[in-house]
Amino acid sequence: MQKGLSHNTVIDQELRGVKLFLVLYYLLQVIFDYSYYYLFPSLVNRSGSFNEGGLGYYLYAIELALLPFAIYLIRNNNPVPIKYIYLCAFLLATLVNDLMIYWGTDENYASGNIGDVLFLIFTPIFLNRRYFFLVFSGFILKYAILGIVLLQGIVIVPISLTVVISCITYILLNRFLDYVKAVRESYNTQMEEIVKGIVATLELKDPYTRGHSERVAHFSLLLAHRMGQFSEEVLKTFYYACLLHDVGKVNIPDYILMKPTTLTEEEYETIKSHPVVGADAMKGIEGLKESVDVILHHHEHWDGNGYPDQLIGEDIPILARITAVADAFDAMTSMRSYRDALPVDEAYNRILAGKGTQFDPRVVEAFQEIFPLWVDYIKTRDSLMTDSMKKAAI
């Protein structure tokens, strides 16, 4: 997956690439074979019949048999394997076909399958260097096997053509990737600025939460990295989600947010509305839709006693479970209008006490492992705050 782009965006781009590949692959294959064997038979140094020797029309049968499977994967939003399946099937089928035609004959090897060129030319549309090198090495290996088995040095011609075409397509691939990288970096920068602008607006409304979103994002990313099951792309989107997890508080009256005494039951119900308000605000914004689950469910409890939907256990999105621990820890170790900040050790023990009730046990275990990193971050924050206050006094 690509860093900084949502999962859905990456899948959409792969779907477009696969569909374009399939249309051009089948269309150009038929046009080329018909022209090569029937319209211009003089180009073929044999009888000119496509069906003479080798797999003949069974090549088409093999390729057509792959189409329903490709359609199934496309409909299930899993297009990534398609290009690899077609490549492997094509290499194996054409290798067998060429061996059947030329093995045991005195005829010089001559490849007349447009698919060889199509695979090489189409590699840039997938924006994937690994796939490019697989295509390149696959064709070199095929021709090397044919040369060794048939004992024909003529295979150096298709090998040379493969190298030349591959050089051209690799240059194009890198140009495309450079362009995509530039667009992605610009997108990430703009998105981060937009998110931080929203957060800054929220913090103007509630000064006691100043810095809270950034700390929760930092703590959450450390936790997510430690759990080791998320791609860089997912983590980038998760970062935005953490920054925006309390965005729904813009809808809460100031007197409730900054109330120095215990909230009434009615006021607490108002506070509990902020996940729904925030999720509703973000779900219609392109680029932030993936943040909705974290915003909506970061106050759910492992035992089902959270809000707003009283989800239980694994029903709570994993990233929301991670955010819940980070959010609770930072809330406890930060000053609020109604209390002073708790000591770090006390907050640590409260998180452990909530294991299996308020918090996912697995997330708490990861929290225990990286807790020293959180402490270092807090010490750095406090040190910077102290230095800033000293400078202001001077």
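The values are calculated or read from the model by the stated rules, or taken from the named source; none is laboratory data. Everything quoted here is computed from the prediction, not taken from an experiment. Cβ: placed from backbone, ideal geometry, glycine included. Neighbour counts: every protein chain shown.
What's the number of the only condition in (1) assigned to a helix (DSSP H, G or I); (2) within 24 Å of residue 35 (Cα to Cα); (3) at pLDDT below 90 that residue 183 fails to meet?
Looking at each condition in turn, residue 183 falls short on (2).
Tell me, please, whether a residue that is closer than 30 Å to residue 259 by Cβ, surrounded by fewer than 21 Cβ atoms within 10 Å (Cβ to Cβ) and either in contact with a His (Cβ under 8 Å, 6 or more places away or on another chain) or at pLDDT 90 or above (or both) can be found in segment 213-229.
yes
Just name the residue that is surrounded by the most Cβ atoms within 10 Å (Cβ to Cβ) out of those in segment 287-333 that are more than 15 Å from residue 241 (Cβ to Cβ) and among the hydroxyl-bearing types (Ser, Thr, Tyr).
333
Among the residues of segment 178-185, is any in contact with a helix residue (DSSP H, G or I) (Cβ under 8 Å, 6 or more places away or on another chain) and in contact (Cβ under 8 Å) with a residue 40 or more places away in the chain?
no
Among the residues of segment 141-151, is any under 29 Å from residue 15 (Cβ atoms) and surrounded by 14 or more Cβ atoms within 10 Å (Cβ to Cβ)?
There is at least one residue in segment 141-151 that is under 29 Å from residue 15 (Cβ atoms) and surrounded by 14 or more Cβ atoms within 10 Å (Cβ to Cβ).
If you go through segment 143-173 one residue at a time, how many are more than 22 Å from residue 115 (Cβ to Cβ) and either basic (Lys, Arg) or in contact (Cβ under 8 Å) with a residue 40 or more places away in the chain (or both)?
0
Name the residues in segment 304-313 that are assigned to a helix (DSSP H, G or I) and aromatic (Phe, Trp, Tyr), would you?
The answer is none; no residue qualifies.
Residue 234 fails exactly one of the following numbered conditions: (1) in contact with a helix residue (DSSP H, G or I) (Cβ under 6 Å, 6 or more places away or on another chain); (2) modelled with pLDDT under 90. What is the number of that condition?
(1)
Where in segment 314-394 are there helices (runs of 4 or more DSSP H), lying wholly inside it, with at least 1 residues that are at pLDDT below 90, among the basic types (Lys, Arg) and not assigned by TED's automatic domain parsing to the domain that holds residue 258?
Ranges flagged: 361-393.
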